[in-house]
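Everything on this sheet refers to the single structure shown next.
Bear in mind these aren't lab numbers, they're just calculated from the coordinates by the rules spelled out. Remember, predicted model here, so these are calculated numbers, not experimental data. Ideal geometry is used to build each Cβ from the backbone, glycine not excepted, and the neighbour counts take in all protein chains shown.
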Amino acid sequence: MFFTFQGKYTCNPKYICSSLHGLSPETKCIWVVACDEDRAGFPDFPETVIYGTPAYFKALYASKVLVDNGFNFVKLPFCKNEGQYYMETMHGSLGIKRIDAASNPNRKRNRIGFRCGKLADYVISNSQFETDVYRSSFWEKTPVLVYGHARNDILINGRDDASEDDPREKVRRFYGLPDEAKLALYAPTFAREASKEFEAFDAGLLRKCLTERFGGEWYILKRLHPKDARTRSVSAEGEFVLDGNRFTDIHELMVAIDFAVTDYSSWLFDYVITKKPGMIYAPDLEEYQNSTGFYYPITSTPFPLATDSASFSRMIREFDVEKYREDVDLFLKEKGCVDDGKAAGRAASAVLGLLSDRRPDM
C-alpha cells in the first residue's frame, strides 16, 4: 500500500511502486488518494482507495507493507498487525530547512512525527546528512536503509525506466510548447501564513534576465506547494507564465527545466543532482531563519542567494556555470550523497523481500 502527502502518483512511492511492478507484476499494489478526481493520472496496475473510507481501512490492515513519504499513514491512529511492515521514504533529502520538533510549533504535526518514528520499521536515506537528520528528529532508533532516493533516479538517468517518454519532450508536449523552448521553474516552500511572496514574484524579470544570460525563448513555470495548491491557484500573468501545478510529477519537471528557483523548498536539493543552474530567492530570509532555522548556513549551498530584485537580477546575469558545477560536486561529497540512479530497484527489492518476511540487509 502506497501513500503520498500529495495524494498523487509521484515522489518516492511512485518509483518504488513502478519498480516493484516490474519485478513482480503479480504483486497487488494499492494506492491511497484523497478523492475520486485524484484517481486520474495513475497507471492501470495499482488499485486506488479513498483515504478515510471503509475501503481504506480494510486495505490498510490487509496490506503486508506500507510505503509512505511523510507521516501519512499515522495521521489517523492505527496499530500495525503482527508481521506488517512500515517503510518511510520521506520527500526531502539534502534540504536545508529544519524538520525536528523543536523547530516547528505545530504540536499536532510533531505528535504525528513521533508516532511515525515509533511505528516505522525502516526509513530510507540518500546521504549521511539525511541519516543524521532522521536521528535528530523523529527516527532516533529506526533502522536506516541508505539506498538513495527512488525519486532521484530519473534526475541521474534522464528518464524513468518504466516510461518510453523523454521528460523534456513530455513536459513541452503537455504545455503545447516548441521543442526548443527553455523552461524555468519557480516553486517556493509551504507558506505557514498567508504570504504575498508567490504573487509578488516577478516572472517577467526572471525571463528577461535568463534571456540575457543564456539566450533562447524562455517560459516560466510557477508551482505552488501542494498544501498551498489546495486553497490557491496560479494567476494568469501572460503567455510565458505556466501553471506548474497542472503537471503532477515535479521530478519529471526537474529533468525538463533549464533553470530552477525556490526559497527553501527541498526539491531544489534533489535538483542539485542534475548540476543544472539554480538559485535561491528568499526575500523573507531573516524572518524564516529566526522562525524555522536551517541545518547549515544557507550561504554554504552551491546556489546563488538573492534577497531582493536587484541581487536576483545580478546573480542570474553573472551566473558562473563552471564554478556552480564545481560547488555542486563539493556539496554532494560533503553531505555524503549516495544517489546513483539505482535506488528504486533497491527499495523495490526490499519491499519484495518483506512480503516474504525477509528483512533487508543493513
* Of 209, 11, 116, which is the most mobile in a GNM of the chain whose springs link Cα atoms less than 10 angstrom apart? -> 209
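Loop-only check: which GluC sites (Glu not before Pro) in region 316-345 are DSSP coil with at most 15 other Cβ within 10 angstrom?
Filter output for region 316-345: 318.
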* Structure fact -> Site residue 217, offset 7 angstrom along Cα→Cβ, radius 20 Å on amide nitrogen, limited to region 163-181, gives 168-181
* Structure fact -> The distance between the Cα centres of region 284-328 and region 17-56, in whole Å, is 39
* When the distances between all Cα atoms of region 56-128 are binned every 10 Å from zero, what whole-number percent does each bin get? -> 18, 49, 26, 7
* Select from 85, 281, 175 the residue whose mean-square fluctuation is largest in a Gaussian network model of the chain (Cα-Cα springs shorter than 10 Å). => 175
* Asked: Given 0.36 nm per residue, what is the gain on full extension from residue 37 to residue 82 after removing their alpha carbon distance, in nm?
  -> 12.8 nm
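Sort 100-111, 69-80 by the packing proxy (mean of other Cβ within 10 Å over each peptide's residues), most packed first. Please report the intermediate quantities before stating the final value.
Values: 100-111: 13.2, 69-80: 17.7.
Order by mean packing, descending: 69-80, 100-111.
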* Quick one: 223, 115, fewest Cβ neighbours within 10 Å first, how do they rank? -> 115, 223
* **Calculated on alpha-carbon atoms, Rg and Dmax of the chain in Å** => 20.0, 61
* Take the Cα atoms of region 166-335, build their convex hull, and give its volume per residue in Å³. => 116
* To do: Any aspartates and glutamates with Cα under 13 Å of the residue 64 Cα? List them, leaving off those in the same chain fewer than 8 positions away.
  => 82, 121, 357
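For an R0 of 41 angstrom, estimate the FRET efficiency from the Cβ-Cβ distance between residue 358 and residue 309 and round to the nearest 0.05.
Plugging the Cβ-Cβ distance into 1/(1 + (r/R0)^6) gives 0.15.
Can you tell me the FRET efficiency between residue 318 and residue 61 if r is taken as the Cβ-Cβ distance and R0 is 51 Å, rounded to the nearest 0.05? It would help to have the intermediate numbers written out before the result.
Working: r = 57 Å, r/R0 = 1.12.
The calculated FRET efficiency here is 0.35.
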* Asked: Just from the alpha-carbon atoms, what are the Rg and Dmax of region 35-183 in angstroms?
  -> 18.2, 55
* Output the pairs from 182/275; 8/118; 75/141; 14/75 with a Cα-Cα distance over 18 Å in this structure; if there are none, say none. => 8/118; 75/141; 14/75
* Structure fact -> With DSSP loop assignment and no more than 12 other C-beta atoms within 10 Å, the GluC sites (Glu not before Pro) in region 25-118 are 26, 82
* Relative intensity, log₁₀ I(q)/I(0), of region 99-205 from a Debye sum that treats every alpha carbon as a point, q = 0.12, 0.14, 0.16 Å⁻¹ -> -0.74, -0.91, -1.01
